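The values are calculated or read from the model by the stated rules, or taken from the named source; none is laboratory data. Quick caveat: nothing in here was measured; it's all calculated off a predicted structure. Every residue, glycine as well, gets a Cβ built from its backbone with ideal geometry; the counts of neighbours run over all protein chains shown.
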Amino acid sequence: MSTNPLSSVIAPPALVQRLPAVDTKAIQALDSAHFLHPFTDFKDLAGHGSRVITRGEGIYIWDSEGAKILDAMSGLWCVNVGYGRKELADAAHRQMMTLPYYNSFFQTTNVPAVQLAAKLAKLAPKVGERSFQHVFYSSSGSESNDSNVRMVRRYWDLLGQPQRKVIISRINAYHGSTMAGASLGGMSGMHAQGDLPIPNITHIEQPYFFENALPGESVHDFGVRAAGWLEAKILEIGADKVAAFIAEPIQGAGGVIIPPATYWPEIQRIVDKYGILLISDEVICAFGRLGAWFAYEKFGYKPDLVTFAKGVTSGYIPLGGVLVGDRVAKVLIEKGGEFNHGYTYSGHPVACAVALANLEIMEREQLPQRVRDDIGPYLAQRFVEIGQHPLVGAAETCGFTAGLVLVKNKQRLERFAENLSVGMICRGHCFSNGLIMRAVGDRMIIAPPLTMTHAQIDEMVALITRCLDLTYQEVKKNGWLA
């Protein structure tokens, strides 16, 4: 299965060649004058200008200067089927010419939204007694997690337990950047702006073995201990006040933090013991990223709500939502009356049509199975080799995500001082050498398109190794190695 699954659906080169040339400096000037970018130091960006990305094909993007770049982050964890898939553009065009938009308020619906909800219900596997037959739509993961807060609290209100409002999350988690999403997330930089988190949201430590394990502690024992932080927090707050626990199967934006195998079974035991709801935020992890349609299936736990976005359309158009488990849906439907929550673009027909076409591609090309059986194991094999680099303290993968830790001393696993920004130095070398690899502190991470071949993985690993070499030379020259 190492052959490239992309076929004639890639946009033809002739079409790309007809695109007008881009005046980089003019676009950068307009960008600086008018576009406030997300998660950006505006003043800093104005000083050097944005890199202007003009097109994409397969696993590659090109900037306005003609530089070809291997996109090892699949956009922002989302271009699962790769760039240039003509079928997705065609699906959007057909739907725009048929019904470009109508709302889902006032007891109306549209065909793609209904078909996609049914498709997602079919793809979401039943785990134990829990299944997913209902979908609530949004336009992003952030909005979806806002919806989770509303649904969770409404659920407990309807069951006569309105005091159950507290939602527990994890430090260094990412659940979006809206007021509720950023509050659910555990990013201190986000909490420092906007008086966050909002009330009744609290956090426990993340299951990051490299950083939080005790001396001599096994991975197995650490996983159990890390899950125990949830039980301790529940007892601290009072079980009768806790509504839900929300977590990513693996923490993506936090640095591809992969919990030990013992973590999720113990989390499931704890939420069952205290009767709280479990929210699986799979905005990054669903739709083949970890080698399964949904990550809860891979790890074997039983969520009540599943957040999705990104990979459902491979990022070609905004769409998000929540898979609502039967026990929550039954209460909302049978006891709830009108649910006073929703969005203008809930169930947008064009977005849903693109999602259906995207899922069809993923099924036809068996991308989740391909990640599980072929390219995921091959990436893991190659990352073992990367782990031998003198600058790398740990290298690990899960499905088609991977992370490595930069260290100043490999034998003692001693970290660099945070103010040295060694991760950003490495990221700079990546950008200068045709590779997009993300830095989260001193942790370098990737999440490539699921369509990569073995040869392209080899190409990516060679680029990563070169950038690690360049970073090593720079930090050695600066006298930062121990």
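State whether the residues of the stretch 155-173 include one that is touching a helix residue (DSSP H, G or I) at 6+ places or on another chain (Cβ under 8 Å), among the charged types (D, E, K, R), farther than 24 Å from Val440 by Cβ and not in a loop (DSSP other than H, G, I, E, B). Looking for residues that are touching a helix residue (DSSP H, G or I) at 6+ places or on another chain (Cβ under 8 Å), among the charged types (D, E, K, R), farther than 24 Å from Val440 by Cβ and not in a loop (DSSP other than H, G, I, E, B), one finds none in the stretch 155-173, hence no. The single condition among (1) farther than 21 Å from Val322 by Cβ; (2) free of Cβ contacts under 8 Å to residues at least 60 places away in the same chain; (3) out of contact with any Gly (no Cβ under 9 Å at 6 or more places or on another chain) that Ile171 does not meet is (3). When every residue of the stretch 114-124 is checked against the conditions, none turns out to be surrounded by fewer than 13 Cβ atoms within 10 Å (Cβ to Cβ), out of contact with any Asp or Glu (no Cβ under 8 Å at 6 or more places or on another chain) and outside any helix (DSSP H, G or I). In the stretch 85-113, of all residues being among the β-branched types (Val, Ile, Thr) and either assigned to a helix (DSSP H, G or I) or assigned by TED's automatic domain parsing to the domain that holds Arg51 (or both), the one that is farthest from the chain's Cα centre (by Cα) corresponds to Thr98.
Among the residues of the stretch 143-157, what is the count of those that are hydroxyl-bearing (Ser, Thr, Tyr) and surrounded by fewer than 24 Cβ atoms within 10 Å (Cβ to Cβ)? Spell out the reasoning first.
Applying the first criterion (hydroxyl-bearing (Ser, Thr, Tyr)) to the stretch 143-157 yields 144, 147, 155.
Cutting the leftovers down to surrounded by fewer than 24 Cβ atoms within 10 Å (Cβ to Cβ) gives us none.
Of the residues in that region, 0 qualify.
Of the listed requirements (1) within 19 Å of Ile257 (Cβ to Cβ); (2) touching a residue at least 60 places away in the same chain (Cβ under 8 Å), Gly423 misses just one: (2). When Ser144 is tested against (1) in contact with a strand residue (DSSP E or B) (Cβ under 8 Å, 6 or more places away or on another chain); (2) in the same structural domain as Cys467 (by TED's automatic domain parsing); (3) small (Gly, Ala, Ser), just one condition goes unmet, and that condition is (2).
Using the structure shown, decide if Ala380 is closer than 25 Å to Tyr296 by Cβ and aliphatic (A, V, I, L, M). Yes: the conditions hold for Ala380. Pick from the stretch 48-74 the residues that are part of a loop (DSSP other than H, G, I, E, B) and small (Gly, Ala, Ser): which of them is surrounded by the most Cβ atoms within 10 Å (Cβ to Cβ)? For the stretch 48-74, the residue satisfying everything is Ala72.
The set of residues in the stretch 153-168 being in contact (Cβ under 8 Å) with a residue 24 or more places away in the chain and of a type outside the set (S, T, N, Q) consists of Arg153, Arg154, Tyr155, Trp156, Leu158, Leu159, Arg164, Lys165, Val166, Ile167, Ile168.
Just one of Tyr301, Tyr296 is crowded, with 20+ Cβ neighbours inside 10 Å, part of a helix (DSSP H, G or I) and among the aromatic types (Phe, Trp, Tyr); which is it? Quick ask: steps written out before the conclusion?
Details: Tyr301 fails: part of a helix (DSSP H, G or I).
Result of the check over Tyr301, Tyr296: Tyr296.
Taking residues in the stretch 35-47 that are outside any helix (DSSP H, G or I), and partners anywhere that are of a type outside the set (S, T, N, Q), the pairs with Cβ atoms closer than 7 Å and at least 6 places apart or on different chains are Leu36/Phe42; His37/Leu45. Inspection of the stretch 75-84 finds a residue satisfying the criterion of being part of a strand (DSSP E or B) and crowded, with 16+ Cβ neighbours inside 10 Å. Checking the stated criteria, Asn200 turns out not to satisfy the condition of being in contact (Cβ under 8 Å) with a residue 60 or more places away in the chain and in the same structural domain as Ala309 (by TED's automatic domain parsing). Looking across Thr451, Thr471, one residue alone is assigned to a loop (DSSP other than H, G, I, E, B) and among the polar types (S, T, N, Q). It is Thr451. Of all residues in the stretch 331-349, exactly one satisfies the criterion of being in a loop (DSSP other than H, G, I, E, B), out of contact with any strand residue (DSSP E or B) (no Cβ under 9 Å at 6 or more places or on another chain) and farther than 30 Å from Gly160 by Cα, namely Thr344. Residues in the stretch 188-235 that are among the small types (Gly, Ala, Ser), assigned to a helix (DSSP H, G or I) and surrounded by 13 or more Cβ atoms within 10 Å (Cβ to Cβ): Gly223, Ala226, Ala227, Gly228.
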